[in-house]
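Undergrad: Here's a structure for you.
The values are calculated or read from the model by the stated rules, or taken from the named source; none is laboratory data. Computed from a predicted structure; not experimentally measured. Cβ sites come from the backbone with ideal geometry, for glycine too, and all protein chains shown count toward neighbours. Side chains included, ligands, DNA and RNA excluded: accessible areas come from the protein's heavy atoms. Shrake-Rupley method; radii C 1.70, N 1.55, O 1.52, S 1.80 Å.
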Amino acid sequence: MAWGMALSCWRVRLGAEVSTFGRRRKAPARAGRGLQGARGWGTSGGLTRKPRPAVYPSLRRARLAVSAMFFLNGILFGAWAVRVPAFVETFALDHGALGRLLLCLALGAILSFPLAGRLSDRIGADRASRAIGVYYALCLPLIALAPSTGWLALALLLFGAGHGAMDVAMNGWAAEVERKVMRPIMSAFHAMWSLGAGIGALSGGGAVALGLGPLTHFGLVALVFGALTLGLAMIPWESQRSAAKGPGFALPSRSLMVVGFVAFCSSLGEGAMADWSAVFLTQIAQTDEASAALGYTVYSAAMFVARLTAGHAIARLGPVTTARIAGLFAFAGLVVALVGQTLATGLIGFALLGLGYSVVIPLAFTRAANDRETPQGRAIAGVATLGYGGMVLGPAVIGGIGHAFSLPVAFWLIALLALGITAFAASLRPDGGK
């Protein structure tokens, strides 16, 4: 009789499990393990405390599609950046004229953020990403067709708008896929942008070696990589939409303003590294120009590797603790470079900087996409505006302070802002730190 009762209970339990299979399975929560158990990822933030399901083929395809969008954005930008000297020579640009042209590119991006946010909320981040991706790819060869500096300024404005708008849309799509996968994978998507930018730069070197002008080079990159990546992105995906009314541009909420400030602290340092790392090594570390080029290479490589692997740290430690450690890494990197003032300490410091800055922007976009008060597209656009402002202002701020005081003083300012990442990391919690 006991065996009969046990068998009967087993059948009842098996039937309950079969009836719930495929819908939801309860798993014991383990603090600090996985995204659902990580500190700072609560149920109110959009990334809920649920057991991680298997990544079905549809989610693998979605990850590939979003990765392709990030790669396309990066390779188009990298292809342009590496051919800047050709335009300097063609139009006989001095430093001031080149700075004004690059400002047009940045202005186009900043102006496009709120428009892209509204478009993403209205038609979905997936559709917006694909549509803007086509526009962005077409704008690359348009730059090479400019007959004068005036037309070049307009082309760069349009190209910058495509770059910025796609940045908002694809980060929104990435946040949606991240919520479905239930793992922190935003940094891995940003790693694909870094990979694309690097390959775009390599394509420029190859084009120069083959004697290809900017128009042929840009046309090939836009056609080949645009068709390939957009083809990978053509998958069925149901993006969230919002028809909420509101102004075309509005300041972010108070909590998102703090998130934007954290992004600003990181992006200002990133912008400074792009334009001033080689100058720092030549003037402060007293190294030659060829060796100074290693600075940004080491920084970029460290950032790429960190972004590929950061998901494990975020899942274990949570976004807040990860960001605090990231800020300390960035601060330590600048201290090492500034105190040592040699090529070796400079490269070590820049590597630490790459590790520190790698996760901040992805975490800021994830936090914005899961805001409870603001539609996803507008939230990302608001944070992107503040973050990109740091990228644009970074080189100018370093130049101004360096001219007024000294270059080390300017880099110490970046170090203080790195501590700002640590100080305000709590804002990156999905519930806004509440």
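Undergrad: So, in segment 229-262, exactly how many residues are at pLDDT 85 or above, surrounded by fewer than 19 Cβ atoms within 10 Å (Cβ to Cβ) and farther than 22 Å from residue 113 by Cα?
TA: 4
Undergrad: If residue 370 passes every condition in (1) closer than 30 Å to residue 119 by Cβ; (2) open to solvent by 30 Å² or more (accessible area, probe 1.4 Å) but one, which one does it miss?
TA: Of (1) closer than 30 Å to residue 119 by Cβ; (2) open to solvent by 30 Å² or more (accessible area, probe 1.4 Å), only one is false for residue 370: (2).
Undergrad: I'd like the full set of residues that are of a type in the set (A, V, I, L, M, F, W, C) and touching a residue at least 40 places away in the same chain (Cβ under 8 Å), limited to segment 390-409.
TA: 391, 392, 393, 397, 398, 407
Undergrad: Right, something else. Only one residue in 305, 392, 397 is under 29 Å from residue 430 (Cβ atoms), open to solvent by 10 Å² or more (accessible area, probe 1.4 Å), modelled with pLDDT under 85 and assigned to a helix (DSSP H, G or I). Which one?
TA: After applying the criteria, what remains is 392.
Undergrad: Using the structure shown, decide if residue 334 is touching a helix residue (DSSP H, G or I) at 6+ places or on another chain (Cβ under 6 Å), part of a helix (DSSP H, G or I) and farther than 15 Å from residue 420 by Cα.
TA: In short, no.
Undergrad: Okay, moving on. Is it true that residue 58 is under 23 Å from residue 383 (Cβ atoms), of a type in the set (S, T, N, Q) and either at pLDDT 85 or above or in a helix (DSSP H, G or I) (or both)?
TA: no
Undergrad: For residue 421, indicate whether it is open to solvent by less than 10 Å² (accessible area, probe 1.4 Å), modelled with pLDDT of 85 or more, touching a Cys at 6+ places or on another chain (Cβ under 8 Å) and of a type in the set (Val, Ile, Thr).
TA: yes
Undergrad: Here is a list of conditions, (1) surrounded by 24 or more Cβ atoms within 10 Å (Cβ to Cβ); (2) closer than 25 Å to residue 425 by Cβ, and residue 346 meets all of them except one; can you say which number that is?
TA: In the conditions (1) surrounded by 24 or more Cβ atoms within 10 Å (Cβ to Cβ); (2) closer than 25 Å to residue 425 by Cβ, residue 346 misses (2) alone.
Undergrad: Here's another thing I want to ask about it. Can you list the helices (runs of 4 or more DSSP H) found entirely within segment 121-228 that contain at least 1 residues being modelled with pLDDT under 90, among the charged types (D, E, K, R) and surrounded by fewer than 23 Cβ atoms within 10 Å (Cβ to Cβ)?
TA: The helices (runs of 4 or more DSSP H) meeting that bar are 149-181.
Undergrad: Moving on to the next point. Yes or no: residue 114 modelled with pLDDT under 95 and farther than 21 Å from residue 179 by Cβ?
TA: yes
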